[in-house]
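What follows is a single structure, written as structure tokens, with notes after it.
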Amino acid sequence: MDKYILLYGDKKPEDNICITNMFENTRQINLGWTDFEYNYNVKIIDEEIEKGVSQIIFSGLEIGWDKLVDYIKGKNIKVKVICNTNDSLLYYEYERNNFFRLLELSKEGKVDDIAFLRKGQYEVYKSLGYKCSYLMENYILDAAKKKEIKEENKTIDIGIYPLNYTWDKNIFNQLCIGKMLDSSNVNYNELDDRMTDFLTTMEIESKPDKIENINEDEIIKKIVKNDINVSLSFTEYFHPVFFISMEQGIPCIIGNTSDLFEDNEMLDKYIVTKAEDNPIVNAKLIEECLKNKQAIMEEYKKWKDEYNKLAEENKFKFLEK
């Protein structure tokens, strides 16, 4: 396998939780807004080339990084990009401009491979003739970072920790779940005062539980307070809250936004909702999930052991291309 370095920025910290967990050789660079940032990034790239890397992987194509791609190709180094957006997110101008530029660079032969994190997206762009791969998202919790789970009591603590205050995070539909569950309390990442206003107006028992810094350790501290966690975005390609929660031993329900449980009927039934915007359906799913918690977590462990092997094989295929 060619020696590599994976470069990532700070624009999407929730992505970085998974990406730095999946890949051993990573380094943070700046977004390319100015010449100063470009020169800083070039210095890092030169240092890595001097160390003998023969392929450079970007986590996404952020603003100004197309110039870095041109610079690297001038040195005859392989360039790969892990796509950090979905077609649904092209609603945002920033996402759309960067994604279309990525496709242009691929057509020009300057990007040797684009890795997509959703199977359907990979199949679409492969059929259009782009050089691309399917990369299986993953996250493995270091045993040393595991914390004690809260003792069960009569109140059901529900953790809702969206990491961005955007439409695709489906925030208010998730908060409504607390209204449909008796003897429940919602612990939530207070990203905006409107969340608190909404919960107060709806008379939903809740406690703000703000995540000050989006990183692995902070999220672990939050999720262990709960009996179950909820991560029901409308669209997603990385699922850090889900994986951290499940690896910690606390069930977490997710939206129908992943390729994770296509071959596992039990986990698909109890973990994946088919109605992200229906709090009544999702409250019932939480009840069923908690009733079957032990069996679900045992099944998850068996599934995850096998998934880890497949994801690792998948990653090495991507690195070896």
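The values are calculated or read from the model by the stated rules, or taken from the named source; none is laboratory data. What you are looking at is a predicted structure, and each value in this text was computed from that prediction instead of being measured. Cβ sites come from the backbone with ideal geometry, for glycine too, and all protein chains shown count toward neighbours. To get the accessible areas, we keep the full protein, side chains included, count just its heavy atoms, and leave off ligands, DNA and RNA. Shrake-Rupley method; radii C 1.70, N 1.55, O 1.52, S 1.80 Å.
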Practice task
Please note which strands (runs of 3 or more DSSP E) are completely contained in the range 1-95 and include at least 2 residues that are closer than 17 Å to Ile114 by Cα and in contact (Cβ under 8 Å) with a residue 24 or more places away in the chain.
Solution key: 4-8, 55-59, 78-82
Exercise for the section: Hand me the list of strands (runs of 3 or more DSSP E) wholly inside the range 100-161 holding 3 or more residues that are crowded, with 19+ Cβ neighbours inside 10 Å. Expected result: 113-116, 156-160
Exercise for the section: Test each condition in (1) in contact with a Cys (Cβ under 8 Å, 6 or more places away or on another chain); (2) open to solvent by 10 Å² or more (accessible area, probe 1.4 Å); (3) closer than 27 Å to Ser88 by Cα for Asn213 and report the one that comes out false. Expected result: (1)
Completion exercise
With the first residue restricted to the range 186-197 and required to be in contact (Cβ under 8 Å) with a residue 12 or more places away in the chain and closer than 16 Å to Asn170 by Cβ, and the second required to be among the hydroxyl-bearing types (Ser, Thr, Tyr) and open to solvent by less than 50 Å² (accessible area, probe 1.4 Å), Cβ contacts under 8 Å at 6 or more apart or on different chains are Val186/Ser206; Tyr188/Tyr161; Tyr188/Ser206; Asn189/Tyr161; Met195/Tyr188
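Residue-wise test of (1) over 22 Å from Ile19 (Cβ atoms); (2) out of contact with any Phe, Trp or Tyr (no Cβ under 6 Å at 6 or more places or on another chain).
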position	(1), (2)
Tyr91	yes, yes
Glu95	no, yes
Asn98	no, yes
Lys107	yes, yes
Lys110	no, yes
Ala115	no, no
Lys119	no, no
Met136	no, yes
Thr155	yes, yes
Fill in the blank from the handout: Asp217 meets each of (1) more than 24 Å from Ile271 (Cα to Cα); (2) part of a helix (DSSP H, G or I) with one exception, condition (1)
Practice task
Could you check, for the range 169-179, whether at least one of its residues is open to solvent by 70 Å² or more (accessible area, probe 1.4 Å), of a type in the set (D, E, K, R) and farther than 21 Å from Ile286 by Cα?
Solution key: no
